[in-house]
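**Student:** My questions will all concern the structure given below.
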Amino acid sequence: MPTSNSDEAGGARDPGRAPTLAPGGYPPLAVTIGDPAGIGPDITLASWLQRASLQLPPFVVVGDPDVLADRAVRLSLAVPIESVADFEAGRATFAEALPVLPVRGAGVGGDKAMIVAAIEEATVAVLERRALGMVTNPITKSALNFAELAYPGHTEYLARLAERHAGGPRPRPVMMLAAEELKVGPATVHVPLTSVAPLLSAELLSETITITAAALTRDFGIGAPRIAVTGLNPHAGEDGLIGVEEVRLIRPIVAALAASGLAVSGPYAADTLFHAEARRGYDAVVAMYHDQALIPLKTLAFERGVNITLGLPFVRTSPDHGTAFAIAGTGKARPGSFIAALRLAAEVGHRRARASGAARR
């Protein structure tokens with residue numbers, strides 16, 4: 001256990017440029033509306049109502065204002081909705097009304113077209129520094145598969161948009177789930193369990209670990225981050241008795257990265273890596289697959305966990321839950337994870353802005 005502390009290219013944006021200061025502070029966050037049939041509108045409305053009491057950072061919703069207005073009526077929430085022309089106007093409006101940059105779902109594709117257009121609009125806004133960061137409400141995977149958009153999820157689509165609008169090579173995004181108790185990211189994400197072992201490679205593990213380490217320093221302010229790496233198999237393979245991936249792949253990669261100066265160790269048995277005493281020995285965990293990472297995080301902080309995408313040229317967070325269609329519009333959706341996503345996006349956005357400003361001096 002670690003113990004030491006510490007397809008077509010568009011016009012290129014400058015992701016290193018600091019956000020343009022709006023009068024009185026930073027630009028607002030861009031919030032995508034998510035699937036209008038899910039709980040994204042519910043938690044967005046509920047969060048805006050708590051903006052003053054919780055001192056939430058200002059945000060502008062990108063999506064259909066009619067969806068939000070209709071959901072507010074259905075939930076009996078007194079939330080005034082105001083369409084705005086740009087993010088600066090939205091920041092000025094935020095105290096008195098929920099600002100929405102209109103993107104509607106008319107024509108072919110309907111709501112799915114609106115969902116995708118809202119994601120792209122918000123991405124361009126953060127790349128152009130009109131928004132401080134991006135918080136995405138939940139969508140279904142099928143929303144990104146209409147009209148032959150073959151993306152398995154938000155994260156992969158955002159990497160494609162970064163390539164298209166920022167120029168340069170497509171970034172290698174890394175999914176991290178973060179809460180006060182734990183930060184953990186899987187090396188493989190939305191793939192069947194039977195595909196995990198074949199997908200694991202030296203390149204994948206090395207990139208995931210190094211991107212995680214860099215983000216812990218850049219975005220979380222941890223000077224010398226300690227990273228623990230899980231094994232793939234029970235008991236981390238028992239030296240080859242219950243699988244060979246640890247001996248042949250994971251252990252050599254960890255050793256090589258440690259020799260290069262990273263504070264990385266493992267592989268550890270996942271079943272003993274997430275209790276309170278063990279968590280004091282590291283700053284983040286790199287796990288091998290989706291449930292190995294997400295089960296402990298959601299057990300420890302189900303309503304406070306945040307999905308943050310590392311490795312992108314802009315800040316992106318989201319709540320760590322799905323669309324929850326069954327409770328949309330019922331008043332049962334709780335906004336805790338969305339509120340945590342807003343706060344983390346603002347925190348990381350401010351840290352990046354300060355770093356960019358210092359670099360220019």
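The values are calculated or read from the model by the stated rules, or taken from the named source; none is laboratory data. Owing to the predicted nature of the structure, the values given are computational and were not obtained by experimental measurement. When we count neighbours, we look across all protein chains shown, and the Cβ atoms used for this are built from the backbone with ideal geometry, even at glycine. Only protein heavy atoms, including side chains, enter the accessible area calculation; ligands, DNA and RNA are left aside. Shrake-Rupley method; radii C 1.70, N 1.55, O 1.52, S 1.80 Å.
**Student:** Search region 304-317 for residues being among the polar types (S, T, N, Q) and open to solvent by less than 10 Å² (accessible area, probe 1.4 Å), and hand back the single one that is nearest to Gly133 (Cα to Cα).
**Tutor:** Per the stated criteria, the residue is Thr317.
**Student:** Search region 243-294 for residues being closer than 22 Å to Ala214 by Cα and among the hydroxyl-bearing types (Ser, Thr, Tyr), and hand back the single one that is most open to solvent (accessible area, probe 1.4 Å).
**Tutor:** Ser260
**Student:** Suppose we filter Leu204, Leu216 for residues that are outside any loop (DSSP other than H, G, I, E, B) and either open to solvent by less than 10 Å² (accessible area, probe 1.4 Å) or within 26 Å of Ser356 (Cα to Cα) (or both); which single one remains?
**Tutor:** The unique qualifying residue is Leu216.
**Student:** Check Pro102, Pro186, Pro192, Pro169 and return the single one that is open to solvent by 20 Å² or more (accessible area, probe 1.4 Å), at pLDDT 90 or above and over 27 Å from Pro41 (Cβ atoms).
**Tutor:** Just a single option satisfies the conditions, and that option is Pro192.
**Student:** Hey, can you tell me all the residues within region 91-133 that are assigned to a helix (DSSP H, G or I) and in contact with a strand residue (DSSP E or B) (Cβ under 6 Å, 6 or more places away or on another chain)?
**Tutor:** Selection gives Arg91, Thr93, Ala118, Ile119, Glu121, Ala122, Ala125, Val126.
**Student:** Can you find a residue that is assigned to a loop (DSSP other than H, G, I, E, B), closer than 30 Å to Arg352 by Cα and either of a type in the set (Phe, Trp, Tyr) or touching a Gly at 6+ places or on another chain (Cβ under 8 Å) (or both) anywhere in region 67-90?
**Tutor:** As a first pass, look at region 67-90 and keep what is assigned to a loop (DSSP other than H, G, I, E, B): 76-80, 84-86.
If we keep only those that are closer than 30 Å to Arg352 by Cα as well, we get 84-86.
Filter once more, keeping what is either of a type in the set (Phe, Trp, Tyr) or touching a Gly at 6+ places or on another chain (Cβ under 8 Å) (or both): 84.
Yes: region 67-90 contains one or more residues that are assigned to a loop (DSSP other than H, G, I, E, B), closer than 30 Å to Arg352 by Cα and either of a type in the set (Phe, Trp, Tyr) or touching a Gly at 6+ places or on another chain (Cβ under 8 Å) (or both).
**Student:** Within region 38-66, count every residue that is small (Gly, Ala, Ser) and assigned to a helix (DSSP H, G or I).
**Tutor:** Of the residues in region 38-66, 3 are small (Gly, Ala, Ser) and assigned to a helix (DSSP H, G or I).
**Student:** Report, ordered by the first and then the second residue, all pairs with beta carbons closer than 9 Å, sequence separation of six or more or different chains, a first member in region 61-79 that is over 25 Å from Gly133 (Cα atoms), and a second member that is open to solvent by 30 Å² or more (accessible area, probe 1.4 Å) and in a helix (DSSP H, G or I).
**Tutor:** Taking only residues 6 or more apart or on different chains, the pairs are Leu77/Leu49; Ala78/Leu49.
**Student:** Counting only residues that are among the basic types (Lys, Arg) and at pLDDT 95 or above, give me the strands (runs of 3 or more DSSP E) lying completely in region 273-361 with at least 1 of them.
**Tutor:** In region 273-361, 316-319 are the strands (runs of 3 or more DSSP E) which contain 1 or more residues that are among the basic types (Lys, Arg) and at pLDDT 95 or above.
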